[in-house]
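The values are calculated or read from the model by the stated rules, or taken from the named source; none is laboratory data. Worth saying up front: this structure is predicted, and the values here are computed from it rather than measured. Glycine gets a Cβ as well: all are built from the backbone with ideal geometry, and neighbour counts include every protein chain shown.
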Amino acid sequence: MRRRRQCTTWSGSAVGVQCQRLTRHDGPHGASPTSTYDEHWSWSDDDLDAIAVFTGTVWFHRPDRDRTGKTARFLGKWTALGLFAALLWWVDSWVTAVVFLALEVLLSVRRAHFVDLGRFTAGVWPVTPAAPAVIFGVAFALHGEGRNAKRAGIEIILGPVVVGVFSLVLRSEWPAYKRSQAAFDDRQKERRS
Ligand SMILES: [Zn+2]
């Protein structure tokens with residue numbers, strides 16, 4: 001992506017009015033106070049003091065500034081959280097500080113993350129938007145649907161995030177599952193050799 005920079009020319013008489021057109025534009029420079037302002041100031045290189053007001057907005061967001069803003073917000077947020085954790089450590093204990101930070105990381109999850117532990121998998125994922133909003137909830141994960149479904153694990157809902165541990169297959173089916181997995185691995189190995 002090519003970076004498009006803002007024209008760096010400032011007006012002569014109006015204070016703090018920088019041209020908001022892109023660099024190397026033709027014609028006079030222009031600037032509007034806000035993105036929704038319906039007028040803009042215009043001046044030319046020949047006379048930086050001669051400002052004319054025209055209708056229409058001239059407003060340009062520098063693309064690289066938006067990204068810097070995002071990074072700054074991210075750093076600002078985590079600096080604030082870090083300071084608050086340090087305060088908790090100081091007034092209470094390091095356990096409180098660690099729990100606070102862990103919860104903060106957990107609640108900012110936007111994508112699903114899972115870790116496989118043998119027959120079980122543990123994970124954290126965002127609540128589906130269609131689900132009813134709850135602040136705290138506990139639910140069972142089930143194998144299958146309906147009255148014959150067996151309990152597979154437990155899910156804890158913390159506002160926008162679900163933390164859960166559940167088995168991938170039923171205990172009765174686990175040996176067969178392992179055997180089919182081993183057979184699959186062997187086939188893969190044979191194909192490669
Ligand atoms: Zn300009």
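Of all residues in the range 62-80, none satisfies being among the acidic types (Asp, Glu), in contact with a strand residue (DSSP E or B) (Cβ under 9 Å, 6 or more places away or on another chain) and more than 30 Å from residue 127 (Cα to Cα). Can you name every residue in the range 154-174 that is exposed (fewer than 14 other Cβ atoms within 10 Å of the Cβ) and polar (S, T, N, Q)? If the condition is that a residue be exposed (fewer than 14 other Cβ atoms within 10 Å of the Cβ) and polar (S, T, N, Q), then 172 is the only one that fits. All of (1) within 27 Å of the chain's Cα centre (by Cα); (2) more than 14 Å from the ligand (Cβ to nearest atom); (3) at pLDDT below 85 hold for residue 86 with one exception: (3). Residues in the range 35-47 that are surrounded by 12 or more Cβ atoms within 10 Å (Cβ to Cβ) and part of a loop (DSSP other than H, G, I, E, B): 37, 44.
Do we find that residue 60 is modelled with pLDDT of 85 or more, more than 30 Å from residue 101 (Cβ to Cβ) and surrounded by 10 or more Cβ atoms within 10 Å (Cβ to Cβ) in this structure? Write out each step before concluding.
Working: modelled with pLDDT of 85 or more: no; more than 30 Å from residue 101 (Cβ to Cβ): yes; surrounded by 10 or more Cβ atoms within 10 Å (Cβ to Cβ): yes.
In short, no.
Within the range 33-47, none of the residues are touching a residue at least 12 places away in the same chain (Cβ under 8 Å) and within 8 Å of the ligand (Cβ to nearest atom).
If you check 14, 50 for being of a type in the set (Gly, Ala, Ser), within 14 Å of the ligand (Cβ to nearest atom) and either modelled with pLDDT of 85 or more or assigned to a loop (DSSP other than H, G, I, E, B) (or both), only one passes: 14.
Condition first: assigned to a loop (DSSP other than H, G, I, E, B) and over 20 Å from the mean Cα position of the chain (by Cα). Now tell me which residues in the range 104-121 satisfy that. Walk me through how you get there before you give the answer.
Initial filter on the range 104-121 (assigned to a loop (DSSP other than H, G, I, E, B)): 108-112, 118-119.
The answer is 118, 119.
Give the range 134-153 a look and list any residue that's surrounded by fewer than 11 Cβ atoms within 10 Å (Cβ to Cβ) and in contact (Cβ under 8 Å) with a residue 12 or more places away in the chain, or say none. If the condition is that a residue be surrounded by fewer than 11 Cβ atoms within 10 Å (Cβ to Cβ) and in contact (Cβ under 8 Å) with a residue 12 or more places away in the chain, then 135, 136, 138 are the ones that fit. Scanning the range 33-58 for residues that are among the acidic types (Asp, Glu) and more than 37 Å from the chain's Cα centre (by Cα) yields 45, 46, 47, 49.
Out of the residues in the range 23-32 that are more than 8 Å from the ligand (Cβ to nearest atom) and either under 32 Å from the mean Cα position of the chain (by Cα) or assigned to a strand (DSSP E or B) (or both), which is surrounded by the fewest Cβ atoms within 10 Å (Cβ to Cβ)?
To start, the set of residues in the range 23-32 that are more than 8 Å from the ligand (Cβ to nearest atom) comprises 24, 26-27, 31-32.
Adding the requirement that they be either under 32 Å from the mean Cα position of the chain (by Cα) or assigned to a strand (DSSP E or B) (or both) leaves 31-32.
Details: 31: 26, 32: 19.
Among those residues, the one meeting the criterion is 32.
Taken together, 138, 124 contain a single residue that is in contact with a helix residue (DSSP H, G or I) (Cβ under 9 Å, 6 or more places away or on another chain), in a strand (DSSP E or B) and not hydroxyl-bearing (Ser, Thr, Tyr), which is 124.
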